[in-house]
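Contents: one structure, followed by commentary.
Only the coordinates and a few stated rules stand behind these numbers; no lab work does. None of the values given here were measured: they were computed from a predicted structure. Cβ: placed from backbone, ideal geometry, glycine included. Neighbour counts: every protein chain shown.
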Amino acid sequence: MSEHRASIAWKLTGPNFRKGHFSREHTWTFDGGVTVPASPSTTVIPAPWSNPEGVDPEEALVASIASCHMLTFLWVAARQGFEIESYADEAVGVLTKNERRIPWVSAVTLHPRVVYAGDKRPTHEEEAQLHHAAHDQCFIANSVKTAITVAGFSD
């Protein structure tokens, strides 16, 4: 079908790799040429070995889920005759430990705020159906075992 690539680059900086005294800062470069500074969360690896200004993998996962849901929602809404003026979300991911005591992003809650344009406006039930269809068709949601809910519209 298609391939999606990202290049990851890291170089040793720090006084002692074997003792964990090294920076985990790195970069992500995407096929369009954008390079993003990345680092583990300071809640996982404390500064100075991490940088809170970098995107951490967990928040990138949350952003990917929210972005995919939004893009799929826009497509589904357009196909059903709705016009969207804006869409914003404040997605929240929760890190918990699994049965093996390994942390994982176990849940993501989306908080979409959709502003409609035009004459056709969905009822609450129709909007819930749009979000349900977006979830069902989202590539990322279909790729992860993380529980994904849409605040105000979940079953």
Can you give me the angle between helix 57-79 and the longest principal axis of the chain, using Cα atoms only, in degrees from 0 to 90, rounded to the nearest 10?
20 degrees
Between the residues A133, T96, M70, the Cα farthest towards the positive end of the dipole of region 57-150, that dipole coming from +1 and -1 charges on the beta-carbon of Lys, Arg, Asp and Glu, is from T96
If each of T43 and F30 carries a label point 7 Å out from its Cα toward its Cβ, how far apart are those two points in nm?
2.4 nm
Packing-based order for 24-32, 129-137, 9-17, using average beta carbon neighbours within 10 Å, highest first
129-137, 24-32, 9-17
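Give me V105, V94 ranked fewest to most by other Cβ atoms within 10 Å of their Cβ, as a rough exposure proxy. List each step's numbers first, then the result.
Working: V105 19, V94 14.
So the ranking, lowest neighbour count to highest, is V94, V105.
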Sequence-distant lysines (8 or more away, or on other chains) whose Cα lies within less than 16 Å of K97
K145
What is the helix-to-structure angle for 124-137, meaning the angle in degrees between its Cα long axis and the longest Cα principal axis of the chain, kept from 0 to 90 and rounded to the nearest 10?
50 degrees
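If you take the Cα atoms of the chain, find Rg, then find the Kirkwood Rh from the mean of 1/r over all pairs, what is Rg/Rh? It would help to have the intermediate numbers written out before the result.
Working: Rg = 18.9 Å, Rh = 17.8 Å.
Taking Rg over the Kirkwood Rh, I get 1.06.
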Cα-based convex hull volume of region 1-54 per residue, rounded to whole Å³
101 Å³
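To make sure I understand, if each residue's beta carbon is the centre and we count other beta carbons within 10 Å, what order do I45, I8 fall in, fewest to most? Walk me through the numbers on the way to the answer.
Details: I45 16, I8 9.
Result, fewest neighbours first: I8, I45.
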